[in-house]
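Shown next, in structure tokens, is the structure this report addresses.
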Amino acid sequence: MTDPADPFNLIVEAPFDSALSERYLVYALSTITARSLPDVRDGLKPVHRRLLWGMRLLKLDPASGYKKCARVVGDVMGKYHPHGDASIYDAMVRLAQPFALRYPLVDGQGNFGNVDGDNAAAMRYTEARLTQAAILLMEGLDEATVDFRPTYNGEEEEPEVFPGLFPNLLANGAAGIAVGMATSIPPHNVAELIDAAMHIIDQPEGDPRELMRFVTGPDFPTGGILVDNAAAIAEAYATGRGSFRVRARWAIEDQGRGTWVAVISEVPYQVPKAKLIEAIATLINDKKLPILADVRDESDAQIRIVLEPRSRTVDPQTLMDSLFRLTDLETRVPLNLNVLDRDRTPRVMSLKQALAAWIDHQFEVLVRRSNHRLAKIADRIELLDGYLITYLNLDRVIQIIREQDEPKPMLMAEFELTDRQAEAILNMRLRSLRKLEEMELRKERTALDKEAQELEALVASPAKQRTRLKRDLAKLRERYAETTELGRRRTLIEEQGPAREIPLEAMIEREPISVILSQRGWVRAMKGHIDLASAEALKFKEGDGPAFAFHAQTTDKLLLVAGTGRVYTLPADRLPGGRGFGEPVRLMIDLEGEAAIVALLPARNGERLLFAASDGKGFIAKTAEITGETRKGRQVVNLRAGSTVKVARRIPSDDDYVAAIGDNRKLVVFPLTELPELSRGQGAQIQRYRDGGLSDAITFRFADGLSWPMGGDSGRYRTETDLGPWRAARGAAGRMPPTGFPRDNRFGTGVVRAELVKP
């Protein structure tokens, strides 16, 4: 015989997966239906509904005084919501924040947080009461319009849903994460919602996209600009899923003398202002947005963020597009209209379905309120009929009361009164027996009969119900009309394209510079286009000398070609200044070991470069395909063992031939089209050698002939126009160059037009 007191005898063996799934399912359903998803009828989660209900019982209406939030939270936690006080207070704080809710339901006094993202003060310091919107939302609770259920401990009752006419679900929105599902509903304008609701009442089977004539998009409490097109907004509302692209509202303020600043007056919904300013300041400090000089927060009651450009020549739209891409000045507000329907079933609804469900709830509330009023009228008429019988038989009624020890049964039997009527007659005061009182009772009886007939007709006629609901909605719309401060639309609907991807050149103030790289790898950028031939400009450390010098712009990207075949990209605006001798270029890039620097030249869009290795192989590459921003550079030339890159030259657009000369002093000329165009590789054989390798190569225009410097300081060039003896197919051995060709087997700078200068 088993001992029932032994706890081990109560253990039930079951498969782990089934036991876990059953328990997790219970938890999931509880989270979905009783915590995270709002009800489509009143737009509230249980914690919000219990908060407002508790405040109503504390008589915290808008005309009364405030009470401590700790008192409210304590009542709600003890009677209705057995969860942590912190979660209840957090929910209460959100209901009071005018930047979180479009129409706050709690009127807070004290520190309830701010748009900077600061937290509210402790509940013992803050006070609260209900707003008029909350009163409208709970209107009708005393008229049997909704069902009540016992609280968690069975000691109190709470409403299952609020009956009020205020469209809270879409007006204030909601957000929550349940198990396996979530909801995200942005706030909307009440006047627009009412217009859409009346359209649905008139045309319940109409096209859902017709609602776009009334609900043009969300209306956020913090304003901003909704920049999506109408088709995207309509698609989101039709499916109940999507997102809305919201930007900050900004304007240009003229500061005089051609200077200006951009002022942000509204930030996107749920973006903390302090974190936004911090993100912008980080961009400035990290030099990721060079065209922005400073950001200042000059906000008081109104938001005012001042953006100061680097110079007056900065394009304002370029600056703002950059900020839209890099910061939360542009965000996406999701739409996931996942709510609990009247059967407590989670569903993703379209805008029309959500409004229609709310309207159906209001029809039900209207009928239940009418039936409740009819019952009250019937009760009152019953008493009035008893009073009138008293007036018609006043002497006999008085006689019975005076002579009978138990007058009630006698009255009920003689005048066919009900128990309630007899009790009411016995409780009448003597002063009520005046003739004037009888007239008032008959007048009240007539009015109640008329009201009852109207209510019975209302309950029996759906058409009358529609008319009555539209009339009530019209009164509500007057309170939240566009002309009122609370009802005016705050978010501007203005279609705009996506923020442009701003090129680096637009981010940097364009200024002329002169770039100088020494033989030992020291680089500097001097302001302006100086005379590169002057001795003062080309001063170097002892034992060092010039390697490359050319004119460029601060917006340029420079390509540094190493003998290892790697190409490094240097932003011209980040080069060290021209004071002193500059800095080692190896501090800016990871240049391998003792790798030689073959070339340094500006990378211009649309241009091509000629690459050639010491083993005679080469190819053509587009500058756009070999640029990169990493310190490690990019491997462009694949070299065979023992070979290095010898040539990296830009190819002018009108060049059509290649000239190559080897260490054996053999020259070959062939068409440029015979070289392949690659982004990486070894290329094709430019010239064939028996001994040695490639010395130099260059491109030129065949019709102009091949030029080379005559040597010395004369600066003169010699040109050979008859190149027939050296013209051959690519890969030929070539023949001795023309008389007067430099003994170092180098073409020098090639032609006078070349930007690359190698003294």
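Tabulated values for the structure
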| item | result |
| --- | --- |
| Qualifying residue in the range 290-304 (condition: modelled with pLDDT of 95 or more, closer than 30 Å to Thr216 by Cα and surrounded by fewer than 21 Cβ atoms within 10 Å (Cβ to Cβ)) | yes |
| Residue list for the range 186-197, filter: surrounded by 19 or more Cβ atoms within 10 Å (Cβ to Cβ) and part of a helix (DSSP H, G or I) | Val190, Ala191, Glu192, Leu193, Ile194, Ala196, Ala197 |
| The range 355-374, residues that are free of Cβ contacts under 8 Å to residues at least 24 places away in the same chain and more than 30 Å from Glu192 (Cβ to Cβ) | none |
| The range 431-454 - residue that is acidic (Asp, Glu) and modelled with pLDDT under 90 and, of those, surrounded by the most Cβ atoms within 10 Å (Cβ to Cβ) | Glu438 |
| Verdict on Arg730 being assigned to a loop (DSSP other than H, G, I, E, B) and at pLDDT 90 or above | yes |
| Strands (runs of 3 or more DSSP E) lying entirely in the range 658-711 (those with 2 or more residues that are more than 19 Å from Pro725 (Cβ to Cβ), of a type outside the set (Lys, Arg) and touching a residue at least 12 places away in the same chain (Cβ under 8 Å)) | 694-700 |
| Candidate set: the range 322-335, residues that are outside any helix (DSSP H, G or I), buried (at least 19 other Cβ atoms within 10 Å of the Cβ) and not acidic (Asp, Glu); chosen: the one farthest from the chain's Cα centre (by Cα) | Leu335 |
| Candidate set: the range 336-354, residues that are of a type outside the set (D, E, K, R) and either part of a loop (DSSP other than H, G, I, E, B) or free of Cβ contacts under 8 Å to residues at least 60 places away in the same chain (or both); chosen: the one surrounded by the most Cβ atoms within 10 Å (Cβ to Cβ) | Leu337 |
| Which listed residue, of Thr569, Thr555, is among the β-branched types (Val, Ile, Thr), outside the structural domain of Gly748 (by TED's automatic domain parsing) and not in a loop (DSSP other than H, G, I, E, B) | Thr569 |
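The values are calculated or read from the model by the stated rules, or taken from the named source; none is laboratory data. For clarity, every value in this text was computed on a predicted model and none was experimentally measured. In this analysis, Cβ positions are derived from the backbone assuming ideal geometry, glycine residues included, and neighbour counts consider all displayed protein chains.
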